[in-house]
Amino acid sequence: MTYTTPVQNLLKQSKNNPNKVYLHQPIARQWQKFTWTEVEHQARCIAKGLQSQGYEKGSRIGILSKNCAHWIISDLAIMMAGYIPVAIFSTAHHNTISFIIKHADLKAIFVGKLDDTSAAESAINPDVLRIAFPYPTASTTESFTSWLSKYPPIENVHQASIDDTATILYTSGSTGKPKGVVLTYKNWVSAAQSTALKFNMTSNDRQMSYLPLAHAVERSLEASSLFIGYEIYFVESLETFIEDLNYGKPTVFGSVPRLWTKFQSQILKNIPEKKLNFLISIPIINKIIAKKIRTKLGLECARYFVSGTAPIPLSLLQWYEKLGINISEAWGMSETSSISCINLPYVKSDLGTIGKPIDCVTMELSKEGEILIKGDAVFSEYYRDTETTSESFTDGWFNTGDCGENTASGAFKIVGRIKDKFKTSKGKYVAPVPIESLLSANTDIDQVCVMGAGLKQPIAIVVLNNSISKANTEAVEKLKNILIDVNNKLESHQKLDYILVCSGVWDIDNGLLTPTLKIKRNAIEQKYMQLINGELLGDIIWESEIASI
């Protein structure tokens, strides 16, 4: 396959489709549209502004903002000017922002849409130039808007080699300090182009950009949109998400397990589970109901549905399938430039697996069952960390840290992270992910984490949907039944001692979820350690009824 850089693709799209709309940005509920020509023009002006600061080629320039059109335009401008973009999660705390600025030696940083500007205000050093996107944001010395009139478009765009460094992606730091994943243009675009071709995408397709652009998955969406020429719609806020989804009507829609669970909860809030199960069991009526639900979500035009970044319960995939939403589970990492393996074309018998590798990578299992990967999309180094880099590769294969299995069809199945396995006091190892997947068959369970290091038996900590309380006898009975059902499927050392129902949710703000909505096992275990180490009696235990942490 011939690889082309994002900037090369932008220039091609602008030349061939100058007046076609590329980016759709909602601002105060009004949709602002950017054509290919406008995106190129603005990127050239911003690139000129950056070059005027006198930075050396290869300097690192940061972007700290929620997703928006200006994020992508600035990303392209940084590359046009010959610099390296470094993305920072918009939810990052002071210490993370400060660490990345220092570690990457950022010369400047674009700051934009942020729910809370205090971390940015305190973490960005005075000697780092701040450029504000046209939204309320942290205080800055320069602005994106003023640069559009202050600087003329750059004439000579930097032409990067396919093997040059394209970007540095910092991991979400769920187990410590973030690591800087150095991606070359070949790494980045090989995954994006291979995925776009696998989805048979055309310039008539549409996608929503709402998962963090600081993450590999969304950066791959950016690169594939430039390669194919399809449109991107942004979301104004969490409150307007469904409204924006209905406006954009994506033809390909990807999400994370946490949000698929949230969608399910909203559907069941409007249609009780028993009633929905009855309606979708009736021929003809089931198709009408399923279409109505997809339409209400804004997904009536979607050809493909995807879930990634964390394991998704098989029961949830099967539930959505009844609604005509066939979710292809995907797998990838920052180190593999986004999706590397996916159940696409969608194969029903491969539900519960991540399918097979895309064209630009090769995957296999080690003797210990760890997934190994190599190919054009796989990175070659962590920024300024030769020791970790060396430890991460074996004979050219990247050690992913994920435990896997191969099915009879040749598909890969994730059974958890190696580091997530824990040993009970009986000396037996337990993998939590398969047990969590079984528990998720109970649609009242919103979040779940199985733990038990040093305990006589594993336990499950859960957060329930819609503030379900102990007074809800039906919900309590369902919890008791799922505990019995799950334990009947487990070996003796895996059986759950009890389910602990938490009083509050786990989210990014309280440090229990990563920016990509994966649970932080270490943080959750530390938070509830005092409780689970005590003698708790019963099968369903409520945090609200025992001593506060």
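The values are calculated or read from the model by the stated rules, or taken from the named source; none is laboratory data. If you're wondering where the values come from, they're calculated on a predicted model, not measured in any experiment. Heads up, the Cβs are rebuilt from the backbone with ideal geometry, glycines too, and the neighbour counts pull from every protein chain shown.
When restricted to residues that are more than 19 Å from Thr140 (Cβ to Cβ), under 29 Å from the mean Cα position of the chain (by Cα) and not in a loop (DSSP other than H, G, I, E, B), segment 44-65 contains 0.
Going by the conditions given, is Leu438 within 30 Å of Ile358 (Cα to Cα), in contact with a helix residue (DSSP H, G or I) (Cβ under 6 Å, 6 or more places away or on another chain) and of a type outside the set (Gly, Ala, Ser)? In short, yes.
Any idea which of Glu335, Glu370 is under 20 Å from Asp402 (Cα atoms), of a type in the set (D, E, K, R), free of Cβ contacts under 8 Å to residues at least 60 places away in the same chain and crowded, with 17+ Cβ neighbours inside 10 Å?
So the residue among Glu335, Glu370 that is under 20 Å from Asp402 (Cα atoms), of a type in the set (D, E, K, R), free of Cβ contacts under 8 Å to residues at least 60 places away in the same chain and crowded, with 17+ Cβ neighbours inside 10 Å is Glu370.
Restricted to segment 155-183, and to residues there that are touching a helix residue (DSSP H, G or I) at 6+ places or on another chain (Cβ under 7 Å), under 18 Å from Val217 (Cβ atoms) and part of a loop (DSSP other than H, G, I, E, B), the residue that is modelled with the highest pLDDT is Lys179. Does segment 184-199 contain any residue that is of a type outside the set (Ser, Thr, Tyr), under 26 Å from the mean Cα position of the chain (by Cα), in a loop (DSSP other than H, G, I, E, B) and within 25 Å of Gly58 (Cβ to Cβ)? No, that holds for no residue.
Residues in segment 227-270 that are more than 18 Å from Tyr320 (Cα to Cα), outside any strand (DSSP E or B), among the hydroxyl-bearing types (Ser, Thr, Tyr) and under 19 Å from the mean Cα position of the chain (by Cα): Ser237 only.
Beta carbons closer than 9 Å, at least 6 apart along the sequence or on distinct chains, pair a first residue in segment 133-149 that is more than 16 Å from Thr117 (Cβ to Cβ) with a second that is surrounded by fewer than 16 Cβ atoms within 10 Å (Cβ to Cβ) and charged (D, E, K, R) for Glu142/Lys150.
Per-residue answers, yes or no, for (1) part of a strand (DSSP E or B); (2) at pLDDT 90 or above; (3) surrounded by fewer than 22 Cβ atoms within 10 Å (Cβ to Cβ):
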site: Asn399; (1), (2), (3): yes, yes, yes
site: Gly404; (1), (2), (3): yes, yes, no
site: Ser409; (1), (2), (3): no, yes, yes
site: Lys413; (1), (2), (3): yes, yes, yes
site: Lys419; (1), (2), (3): no, no, yes
site: Lys426; (1), (2), (3): no, no, yes
site: Ile435; (1), (2), (3): no, yes, no
site: Ala441; (1), (2), (3): no, yes, yes
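Does Leu500 count as within 16 Å of Met451 (Cα to Cα) and assigned to a loop (DSSP other than H, G, I, E, B)? No, not satisfied. Is segment 108-121 home to any residue that is in contact (Cβ under 8 Å) with a residue 12 or more places away in the chain and more than 19 Å from Tyr135 (Cα to Cα)? No, that holds for no residue. Total residues in segment 109-154 satisfying the condition of being crowded, with 17+ Cβ neighbours inside 10 Å, of a type in the set (D, E, K, R) and under 25 Å from the mean Cα position of the chain (by Cα): the figure is 1.
Within segment 136-143, is even one residue within 19 Å of Ala214 (Cα to Cα) and in contact with a helix residue (DSSP H, G or I) (Cβ under 8 Å, 6 or more places away or on another chain)? Can you show your working first?
In the first step, residues of segment 136-143 are kept if they are within 19 Å of Ala214 (Cα to Cα); the result is 137-138.
Okay, now just the ones that are also in contact with a helix residue (DSSP H, G or I) (Cβ under 8 Å, 6 or more places away or on another chain), so 137-138.
Yes, that holds for at least one residue.
Go through Lys374, Lys356, Lys348 for me and flag whichever is of a type in the set (Lys, Arg), in the same structural domain as Gly332 (by TED's automatic domain parsing) and closer than 16 Å to Pro311 by Cα.
On the way: Lys374 fails: closer than 16 Å to Pro311 by Cα; Lys348 fails: closer than 16 Å to Pro311 by Cα.
Among Lys374, Lys356, Lys348, only Lys356 is of a type in the set (Lys, Arg), in the same structural domain as Gly332 (by TED's automatic domain parsing) and closer than 16 Å to Pro311 by Cα.
Could you list, in sequence order, the residues of segment 80-108 that are over 29 Å from Gln159 (Cβ atoms), under 20 Å from the mean Cα position of the chain (by Cα) and either part of a strand (DSSP E or B) or of a type in the set (Lys, Arg) (or both)?
We begin by selecting, within segment 80-108, every residue over 29 Å from Gln159 (Cβ atoms); these are 89-99, 102.
Now restrict to residues that are under 20 Å from the mean Cα position of the chain (by Cα): 89-93, 96-97.
Once the filter is applied, which keeps residues that are over 29 Å from Gln159 (Cβ atoms), under 20 Å from the mean Cα position of the chain (by Cα) and either part of a strand (DSSP E or B) or of a type in the set (Lys, Arg) (or both), segment 80-108 yields nothing.
Quick check, is Ile461 β-branched (Val, Ile, Thr), closer than 27 Å to Pro212 by Cβ, outside the structural domain of Pro178 (by TED's automatic domain parsing) and touching a residue at least 40 places away in the same chain (Cβ under 8 Å)? Considered against the rule, which asks whether it is β-branched (Val, Ile, Thr), closer than 27 Å to Pro212 by Cβ, outside the structural domain of Pro178 (by TED's automatic domain parsing) and touching a residue at least 40 places away in the same chain (Cβ under 8 Å), Ile461 comes out as yes.
Residue-wise test of (1) more than 17 Å from Ile461 (Cα to Cα); (2) modelled with pLDDT of 90 or more; (3) more than 17 Å from the chain's Cα centre (by Cα).
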residue	(1), (2), (3)
Val476	no, yes, yes
Leu479	no, yes, yes
Asn488	yes, yes, yes
Asp509	yes, no, no
Leu512	no, yes, no
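Suppose we keep only residues that are in contact with a strand residue (DSSP E or B) (Cβ under 9 Å, 6 or more places away or on another chain) and among the acidic types (Asp, Glu) within segment 33-83. Which one would you say is surrounded by the fewest Cβ atoms within 10 Å (Cβ to Cβ)? Residue satisfying both the conditions and the ranking: Glu56.
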